[in-house]
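This report concerns only the one structure given below.
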Amino acid sequence: MKIEHVTIADLPAILEIEQAGFNPAEAGSKAAFINRIANIPDTFLVAKEKAQVVGFIVGPVTTTPIIDDKYYQHVEPNLPTGDYLLVLSIAVAPIFRGQGIGSQLLGAFAGLARNHHCQSIILDSLAKNIPFYEANGFSEAGISPSSHANETWYNMVKTV
């Protein structure tokens, strides 16, 4: 498996994986992913197996430790350096789950956070996924203020 930066050619596979991993209210739209590819390709990674996208992780560099729901629709280009690298979405294709790909993506994302001089990676998680993130070095930091998809999200933090 290879982890590399996204290209627009990866969009169809990304959308398919996103829709398989999230319910319709949670999943990012095609327009949101086009915006992310255009504006933050330096913090948008795809995992590929034999040139097939099997997973991805994406998020912006910010100076605030909270995921503002506006980021789910639109992001601006990354700051050259920031305090936090946010995760807007991480997903693995269903047939490739359980193989450590999500953990590898999180590890590669930590490298990007260090490159951008970020102190932490921040993400919002549903309760069912907290054990996965804790196993990858994240700590729960309470209930997120996010109202994305009318779900209860938990703020997770990992120091890099």
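Please treat every number below as a calculation from the coordinates, not as lab data. No experiment lies behind these values; they were computed from the predicted model shown. Note that each Cβ is placed from the backbone with ideal geometry, even for glycine, and that neighbours are counted across all protein chains shown.
Taking strands (runs of 3 or more DSSP E) as the structural unit, those lying wholly within the range 66-160 and holding at least 3 residues that are within 20 Å of Lys2 (Cβ to Cβ) and either of a type in the set (Asp, Glu) or touching a strand residue (DSSP E or B) at 6+ places or on another chain (Cβ under 8 Å) (or both) correspond to 89-92. As a summary of the residue check, Ile8 satisfies the conditions (1) of a type in the set (A, V, I, L, M, F, W, C); (2) touching a strand residue (DSSP E or B) at 6+ places or on another chain (Cβ under 8 Å); (3) surrounded by fewer than 20 Cβ atoms within 10 Å (Cβ to Cβ) except for the one numbered (2). Looking across the range 87-98 at every residue that is in contact (Cβ under 8 Å) with a residue 40 or more places away in the chain and surrounded by 15 or more Cβ atoms within 10 Å (Cβ to Cβ), the one that is farthest from Val54 (Cα to Cα) is identified as Leu88. Among the residues of the range 104-160, those identified as more than 16 Å from Pro65 (Cβ to Cβ) and among the β-branched types (Val, Ile, Thr) are Ile130, Thr152.
Please tell me if Val46 is within 27 Å of Lys2 (Cβ to Cβ) and touching an Asp or Glu at 6+ places or on another chain (Cβ under 6 Å). Yes; evaluated as a whole, the condition is true for this residue.
One residue stands out among those in the range 125-150 that are in contact (Cβ under 8 Å) with a residue 40 or more places away in the chain and either touching a helix residue (DSSP H, G or I) at 6+ places or on another chain (Cβ under 7 Å) or hydrophobic (A, V, I, L, M, F, W, C) (or both): the one that is surrounded by the most Cβ atoms within 10 Å (Cβ to Cβ), which is Ser146.
Exactly one residue among Asp69, Asp42 is surrounded by fewer than 22 Cβ atoms within 10 Å (Cβ to Cβ), touching a His at 6+ places or on another chain (Cβ under 8 Å), closer than 21 Å to Ala127 by Cα and not polar (S, T, N, Q), and that residue is Asp69. Per the conditions (1) under 15 Å from the mean Cα position of the chain (by Cα); (2) basic (Lys, Arg); (3) under 22 Å from Pro131 (Cβ atoms), the sole criterion not satisfied by Arg97 is (1).
Beta carbons closer than 8 Å, at least 6 apart along the sequence or on distinct chains, pair a first residue in the range 18-35 that is of a type in the set (Gly, Ala, Ser) with a second that is part of a helix (DSSP H, G or I) and surrounded by 13 or more Cβ atoms within 10 Å (Cβ to Cβ) for Ala25/Ala149; Ala27/Glu18; Ala27/Gln19; Ala27/Gly21; Gly28/Glu18; Gly28/Arg36; Gly28/Tyr72; Ala32/Tyr72.
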